[in-house]
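Asker: A single structure is presented below for examination.
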Amino acid sequence: MTAEATNIPAPKRRSLYQLDARTRRRNAAETRFRAYGVAAIAFGMIALAVLLWSILGQGLSAFTQTRIAMDVTLDAAVLDKSGKRDPVELAKATTLAYGKILDQALVKQATDKGLMPEGLSAKDAAGILSKEAPAQLRRMVLDNPALIGTTVQIEALANGRIDGFLKGRVTMESAQLDSNVTPGQLVLAQNLKDAGLLAKSFNFDFITAPDASEVRPEAAGLGVAILGSLYMMMIVLVLALPIGVAASIYLEEFAAKNWFTDLIEVNIANLAAVPSIVYGILGLAVFINFAGMPQSSPLVGGLVLTLMTLPTIIIATRASLKAVPPSIKDAALGIGASKTQTVFHHVLPLAMPGIMTGTIIGMAHALGETAPLLLIGMVAFVRDYPAAPPEGFLDPAAALPVQVYNFTRRADPAFLERASGAIIVLLVFLALMNVAAILLRRKFERRW
């Protein structure tokens, strides 16, 4: 052995427990990546919490409404001059007559109980009542004419400014700059509240009542919009589900694999990414201008949303069909089943959980769409409830997302509260549909 060979230093031994520089850099990079992921999740959760806090903070108050308890004498000389209780004659008494009766009753009650602020006129005192209150009293009397000539206790709607005062939206300082309310009216409202005659209660009318004009925000409700959305979802379910499943089965199980089917698949994928407003333009051109269907009807809205939802259902259904193990098909074919029997007796039932999940998610997405409905006229102001199906499919109606849009366009701050409340109702519907999708998947899911 030469001298040079004996002078070669022995290689250093490395311990598995001693980290070198490269390992430290790799571990540091992994730690940073985890921190980025945690930060992204935290940011998303914070943004969601802020969004929900904003919506709930502004919208929960829409589910309560301020009312004034008062005794009202229904003067027969004003409401039924003939004295015959004839419904036709009773209907001739307008809301102006009922409004005068309510105004007199409120002023009398406040005066008798010593609640009237000094210097407040009778006209201004009666101004705390909603313009919807006379219409409500009129409907009550027309439904029960025997009330005429008696004194009844009612809870009349307070106007939007008084309602905002109890909810903290209106203050004495803002009332001095507001032409729709005076500080004296707020003092009267506070006196009535202290006397137990003015209070907030749960607002069922917000769920069941139709929309109201800009001067009556306290009477605006979601009844017509909820019915319109329900009718549209019925049409989407009846049309989109069978058409989407049938198209998926054909493309996945029966169609030949060639350039034509590849073209169809590419177009379906592209249609799923088309902006929703394009479907609204299509519905306006085809269903309304060409076919002559009525504007603002749930039928047209349902057809437009069906076209928009179909690509989503087809993609989800095809993915569910592909997820079925090939051994299931091979076993069915091996014992003599035909291709059709294999698909409908074995493959389709096993793919049904994914199909139902995709359908519900697609419908939930369609429920929240606004842009296509605006183009087909569902932004119109609708006061009358649509009839029961099938006639109701052709009646004018609104939809929940469009109702939110309508509320936000109005100047009165009370409508912003209504808009947030409508968003809460819409979110509840969306959450229920997504929960249903999760439960259906868990109930029918098969593990291979």
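Asker: Roughly speaking, to the nearest percent, how much of the chain's 1.4 Å accessible area is carbon and sulfur?
Answerer: Working: 15720 of 24720 Å².
Carbon with sulfur: 64 percent of the solvent-accessible area.
Asker: For the pairs K257/K339; K84/K123; K131/K193, flag any whose C-alpha to C-alpha distance is greater than 24 Å. Working shown, then result.
Answerer: Numbers: K257/K339 16 Å; K84/K123 32 Å; K131/K193 20 Å.
In this structure, K84/K123 lie more than 24 Å apart at Cα.
Asker: OK, next. Just to check I understand the Karplus step: with θ = phi - 60° and J = 6.51 cos²θ - 1.76 cosθ + 1.60, what whole-Hz values come out for the stretch 143-148, glycine and proline as x?
Answerer: 6, 9, x, 5, 6, 5
Asker: Now, a different point. Taking Cα pairs under 8 Å and at least six residues apart, what relative contact order does the chain come out at, in percent?
Answerer: Values: 588 pairs, mean separation 81.0, N = 448.
Computed over the chain, the figure is 18 percent.
Asker: Shifting gears a bit: If amide hydrogens are placed 1.01 Å from N in the peptide plane, which non-local residues have theirs closer than 5 Å to the one on N203?
Answerer: T64, Q65
Asker: Now for a different question. Return the long-range amide H neighbours of L129 (sequence gap of 5 or more, or a different chain), with a cut-off of under 5 Å between placed amide H atoms.
Answerer: N159
Asker: Mind pulling up the Rg/Rh value for the chain? Radius of gyration and Kirkwood radius, both on Cα.
Answerer: Reported Rg/Rh, Kirkwood definition of Rh: 1.20.
Asker: Could I have the simple spin-label model distance between S82 and V428, label points 7 Å from Cα toward Cβ, reported in nm to one decimal?
Answerer: 4.4
Asker: With θ set to phi - 60°, apply the Karplus curve 6.51 cos²θ - 1.76 cosθ + 1.60 along the stretch 288-293 and write out the HN-Hα couplings as whole Hz, x wherever there is a Gly or Pro.
Answerer: 9, 6, 8, 7, x, 6
Asker: Further, regarding this structure: Express the Stokes-Einstein translational diffusion coefficient of the stretch 91-205 in µm² s⁻¹, to the nearest whole number, given a Kirkwood radius over alpha-carbon pairs, 25 °C and a viscosity of 0.890 mPa s.
Answerer: For these conditions, the coefficient is 164 µm²/s.
Asker: Eigenvalues of the Cα gyration tensor times 5, then square-rooted: what semi-axes does that give for the stretch 300-448, in whole angstrom, largest first?
Answerer: 41, 17, 12
Asker: If you stretched the chain out fully between S213 and A380, how much longer would it get, using 0.36 nm times the residue separation minus the C-alpha to C-alpha distance?
Answerer: Details: separation 167, 0.36 × 167 = 60.12 nm, distance 1.21 nm.
Net length gain for the segment: 58.9 nm.
Asker: Which order do the peptides 26-34, 182-190 take when ranked by the mean count of other beta-carbon atoms within 10 Å per residue, highest first?
Answerer: Put in order of decreasing packing, that is 182-190, 26-34.
Asker: What whole-number value in Å² describes the accessible area per residue of the chain for a 1.4 Å probe?
Answerer: That works out to 55 Å² per residue.
Asker: Shifting gears a bit: List the GluC sites (Glu not before Pro) in the stretch 146-229 that DSSP assigns to loop (not H, G, I, E or B) and whose Cβ has at most 15 other Cβ atoms within 10 Å. Which are they?
Answerer: E214
Asker: Test of the criteria: in the stretch 343-448, which GluC sites (Glu not before Pro) are in a DSSP loop and have at most 16 other Cβ atoms within 10 angstrom of their Cβ?
Answerer: For GluC sites (Glu not before Pro) across the stretch 343-448 that sit outside H, G, I, E and B with at most 16 neighbouring Cβ atoms in 10 Å, the list reads E445.
Asker: On to the next question. How far apart, in nanometres, would the label points at L439 and Q176 be if each is projected 7 angstrom from Cα along the Cα-to-Cβ direction?
Answerer: Once both label points are built, they end up 5.5 nm from each other.
Asker: Pulled fully out, how much extra length does the chain show between A122 and M293, if you take 0.36 nm times their separation in residues and subtract their Cα-Cα distance? Let's see the in-between values first.
Answerer: On the way: separation 171, 0.36 × 171 = 61.56 nm, distance 5.16 nm.
Gain in length upon complete extension: 56.4 nm.
Asker: With each label point set 7 Å from Cα along the Cα-Cβ vector, what nm distance links A69 and H365?
Answerer: 5.2
The values are calculated or read from the model by the stated rules, or taken from the named source; none is laboratory data. Being a predicted model, the structure only gives us computed values, none of them experimental. FYI the Cβ positions are ideal-geometry reconstructions off the backbone, even for glycines, and counts take in every protein chain you see. For the accessible areas, the whole protein counts, side chains as well, though only heavy atoms, and no ligand, DNA or RNA atoms are used. Shrake-Rupley method; radii C 1.70, N 1.55, O 1.52, S 1.80 Å.
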